[in-house]
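Structure first, commentary second.
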Amino acid sequence: MHTLDDIRAYITAILADPEVNRLSPDDAEPAWGPPLLGVSDGDDPLYEEIKKDIGPFHWTPRQIFALSFPDLTVPPGGLSVIAWALPQTAATLEDQREATLLPSRRWAQNRRYGEDLNALLRRRLAAALTAAGHPAVAPVASPLWRRETSARRGEASTWSERHAAWVSGLGTFGLCDGLITEAGKAVRLGSVVAALSLPATPRPYAGLHDWCLHYAGGACTACIDRCPAGAITEAGHDKERCMAYIRSVAAPSCGGINACGLCQAGVPCEHRRPVRTP
């Protein structure tokens, strides 16, 4: 496994397995549609900018790689971040569009079992790359990963897969903090850092919010209107208020699953990027 095509084929094969890509152990309906993939240089200066913005606890790719493989030295240009986005299916989006106060059954099931598949992808891809001679780590799957509180951003962690996807050319942030990709923002994200030199995916945007209608001057407030917690305003996303609603209202009604995602469906950016740029 030495190229992005190899990696794409590997991930696609896992998703093609109906025993793995399923909505739940009792429901063979696929959890995810075809994946989007992007790559960034592990030494891209944007990773240092992210660290400055989120907090000193946030890893750069080189930091988490060094923590995971302390005896290895990787030269500049020899480290890549491989990021992916798994889109929700049309059936899940259709159900979620109709939901108002609580997530749909499909969405909640996918938040649990679909994310289990995403976690499997992280572990398997890191292991496969390592076995192929390219030591790799999935930062979110590392035993060193932890949650933190950012002075500027509130709830945070030592690795942001949304930011890794942004640097890797997969999309930009919306008003609700979700990442708007070519397949929209109803996606789950994953990433692996590997000692492998891959061409970086061109970023067809310049800023954090270029693909969001609200920031593009379209006066879009769809995600504000969809949020039952009042956690999204024109000032942005209140993560603490969002999580309080999920933990106290949504999760008890969804069998303990921390799911909501109402702002990701029934909006112009649910399954596409609504802002087209040159």
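Relative contact order, whole percent, for segment 101-168 stands at 16, derived from Cα pairs under 8 Å and 6 or more residues apart.
Between residue 14 and residue 100, what length comes free when the chain is fully extended (0.36 nm per residue of separation minus the Cα-Cα distance, one decimal in nm)?
Details: separation 86, 0.36 × 86 = 30.96 nm, distance 3.30 nm.
27.7 nm is the gain from fully extending residue 14 to residue 100.
Within segment 1-94, the GluC sites (Glu not before Pro) that combine a DSSP coil assignment with at most 10 other C-beta atoms in a 10 angstrom radius are 19. Counting only aspartates and glutamates at least 8 places from residue 51 when in the same chain, those with an alpha carbon closer than 16 Å to its own are 41, 43, 148, 155, 161.
How high is the FRET efficiency between residue 239 and residue 57 when r is their beta carbon distance and R₀ equals 22 Å, given to the nearest 0.05? About 0.85, to the nearest 0.05.
When the charge dipole of segment 1-148 is built from unit charges on Cβ atoms (+1 for Lys and Arg, -1 for Asp and Glu) and taken about the Cα centre, the candidate among 72, 132, 82 whose Cα reaches farthest toward its positive end is 72.
If I model segment 154-197 as equal point scatterers sitting on the Cα atoms and use the Debye formula, what is log10 I(q)/I(0) at q = 0.27 Å⁻¹? So the normalised log intensities work out to -1.05. Charged neighbours of residue 81, selected by a Cβ distance under 9 Å, balance to -2 (K, R count +1; D, E count -1).
If I take every Cα pair under 8 Å that is 6 or more residues apart in the chain, average their sequence separation and divide by the length, what percent do I get for the relative contact order? Averaging sequence separation for qualifying contacts and normalising by length gives 23 percent for the chain.
Normalised per residue, the accessible area of segment 47-117 is 46 Å², obtained with a 1.4 Å probe and no contribution from ligands, DNA or RNA.
Tell me, what % of the accessible area of segment 84-193 is carbon and sulfur with a 1.4 angstrom probe? Walk me through the numbers on the way to the answer.
On the way: 2040 of 4130 Å².
Its accessible area is 49 percent carbon and sulfur atoms.
Relative contact order of segment 142-186: what whole-number percent is it, with Cα pairs under 8 angstrom and at least 6 residues apart? If you can, show how the numbers build up before the last one.
Numbers: 37 pairs, mean separation 9.3, N = 45.
Normalised by residue count, the contact order of segment 142-186 is 21 percent.
Over all Cα pairs of segment 37-136, how is the pair count split among 5 Å bins, expressed in % and running from 0 up to the last occupied bin? Values per bin, smallest distances first: 2, 10, 15, 17, 15, 13, 11, 10, 5, 2, 0.
Once every DSSP H run of n ≥ 4 in the chain is given -39500 (n - 2.57) and the sum is divided by its residues, what mean residue ellipticity at 222 nm do you get, rounded to the nearest 500 deg cm²/dmol?
Helix-only estimate at 222 nm: -8000 deg cm²/dmol.
Shape analysis of the chain yields a ratio of the Cα radius of gyration to the Kirkwood radius, Rg/Rh, of 0.95.
Annotation for residue 120 and residue 6: the two label points, set 7 Å from Cα along the Cα-Cβ direction, are 2.3 nm apart.
The values are calculated or read from the model by the stated rules, or taken from the named source; none is laboratory data. Owing to the predicted nature of the structure, the values given are computational and were not obtained by experimental measurement. Please note: Cβ atoms are built from the backbone with ideal geometry, for glycine as well, and neighbour counts cover all protein chains shown. Note: accessible area is taken over every heavy atom of the protein model, side chains too, but ligands, DNA and RNA are not part of it. Shrake-Rupley method; radii C 1.70, N 1.55, O 1.52, S 1.80 Å.
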